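The values are calculated or read from the model by the stated rules, or taken from the named source; none is laboratory data. Remember, it's a predicted structure, so these values are computed and weren't measured experimentally. Neighbour counts are summed over all protein chains in view; Cβ atoms, including those assigned to glycine, are modelled from backbone coordinates with ideal geometry.
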Amino acid sequence: MLSNKRQHLWRCRKALAVFVLIVFISLCTCVLWEIQGLEQAINNYDVVMVRSEIERLEAYGMFFNQFSFMQDAKLWLALNLNKQNLESKLSDYRDDKHIFWLFLLNLQQGDIHRARQDMLKIQNSARNHLAQGLMELAEGNPRTAKNSLTDKMTDWSSLPRQEQALRHLALAQGAIRINDYPSAHIELAAAQKIQPLNPGVLNLEFNLALQEEQWSRAFAAGKSIQAQSWRADTMLFETKMALLALREHDEMNLENSFRALRNFPQGEAVILYLNGIQALGSGRIQEGKHFLETALQEGLEGSINQDAHQALEQVKKRQDADYLLKSLAQES
């Protein structure tokens with residue numbers, strides 16, 4: 001009788017152990033499956049899929065949030081969506097990958113000094129050379145950037161796919177800046193082959209088309225960029241789209257760009273600048289001059305500021321030429 005009870009107890013313990021083992025294996029399989037899914041989405045640069053996967057996993061509660069792959073996915077997504085307060089989160093990490101992400105964040109925000117400090121902390125040779133090239137490109141040195149990004153002693157294949165694509169995009173951007181459009185196309189194709197969904201590929205295609213004055217191609221690329229629902233709007237991009245709409249006499253898309261520009265602190269000033277360019281293009285010189293002067297008073301920055309000054313200078317030269325012609329006519 002006692003022996004039968006012991007056998008029954010042993011069978012119950014064995015069954016419980018098997019059940020626990022099955023549950024453990026199922027959980028491990030589930031975790032591994034989710035890790036692979038998120039990693040694949042990140043490697044493909046599928047921002048929509050990454051966001052969808054994170055939202056789905058968060059629906060299960062705190063279980064998946066405890067894993068580092070989930071934290072990394074959230075940081076990667078925040079970096080690509082330009083989320084606020086990301087710097088403090090990335091600063092807690094000491095490994096190369098997260099330091100490089102912090103470097104990219106500071107570079108995107110225009111903080112060259114902090115980006116350089118981050119770059120000095122990167123230990124991996126290939127990643128460090130990539131950071132150097134991106135830094136030199138940001139500082140306006142495309143030729144020295146190319147030297148860093150094509151260093152023959154560096155094993156570029158050791159970089160993750162996203163960073164390999166970023167290297168080719170940087171080389172393409174540098175080629176555009178020195179008007180080497182054939183090389184830009186080659187590097188753009190290489191980046192597209194590695195990560196066709198990388199938004200940098202489409203952005204570069206847009207800028208390259210603008211540089212080559214392929215307006216219809218640029219407009220098509222711009223519309224594809226606007227179709228990215230997760231994309232964070234930028235004032236420079238919307239200004240380019242507005243200028244394209246002006247060139248194509250597309251009033252509907254021009255108004256859409258104006259609507260987007262009004263969401264930026266300097267948006268009204270940029271709209272005044274665009275109205276000035278439109279007026280000048282239509283021959284309304286005084287009206288265009290007034291718009292441009294008002295836009296500059298409101299505050300313009302960067303290349304838009306430079307272009308507004310150049311347009312005003314051209315207006316002044318034209319007015320001087322008109323005055324000279326009138327004077328000569330009176331003399332005759």
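Answer yes or no: is there a residue in region 285-292 that is assigned to a helix (DSSP H, G or I), of a type in the set (D, E, K, R), more than 30 Å from Q108 (Cα to Cα) and in contact (Cβ under 8 Å) with a residue 12 or more places away in the chain. Before the answer, list the steps.
As a first pass, look at region 285-292 and keep what is assigned to a helix (DSSP H, G or I): 285-292.
Subset that is of a type in the set (D, E, K, R): 287, 289.
Checking the rest, the ones that are also more than 30 Å from Q108 (Cα to Cα) come to 287, 289.
Checking the rest, the ones that are also in contact (Cβ under 8 Å) with a residue 12 or more places away in the chain come to 289.
For region 285-292, residues assigned to a helix (DSSP H, G or I), of a type in the set (D, E, K, R), more than 30 Å from Q108 (Cα to Cα) and in contact (Cβ under 8 Å) with a residue 12 or more places away in the chain: present.
Does E331 qualify as being acidic (D, E) and at pLDDT 65 or above? Before you say what the answer is, go through the steps one by one.
Details: acidic (D, E): yes; at pLDDT 65 or above: no.
For E331, the condition - acidic (D, E) and at pLDDT 65 or above - is not met.
From E238, E255, which residue is more than 30 Å from P160 (Cα to Cα) and surrounded by fewer than 18 Cβ atoms within 10 Å (Cβ to Cβ)? First the steps, then the outcome.
Numbers: E238 fails: surrounded by fewer than 18 Cβ atoms within 10 Å (Cβ to Cβ).
Matching residue, one of E238, E255: E255.
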Subject >> Test: S216 is surrounded by fewer than 19 Cβ atoms within 10 Å (Cβ to Cβ), over 15 Å from the mean Cα position of the chain (by Cα) and polar (S, T, N, Q) >> reply: yes
Subject >> Hits in region 97-126 - residues which are crowded, with 17+ Cβ neighbours inside 10 Å and acidic (D, E) >> reply: D118
**OP:** Restrict the check to region 52-65 and report whether at least one residue is within 21 Å of L197 (Cβ to Cβ) and outside any helix (DSSP H, G or I).
**Re:** no
Original post:
When you look at A131, is it among the hydrophobic types (A, V, I, L, M, F, W, C), in contact (Cβ under 8 Å) with a residue 24 or more places away in the chain and assigned to a helix (DSSP H, G or I), yes or no?
Top reply: yes
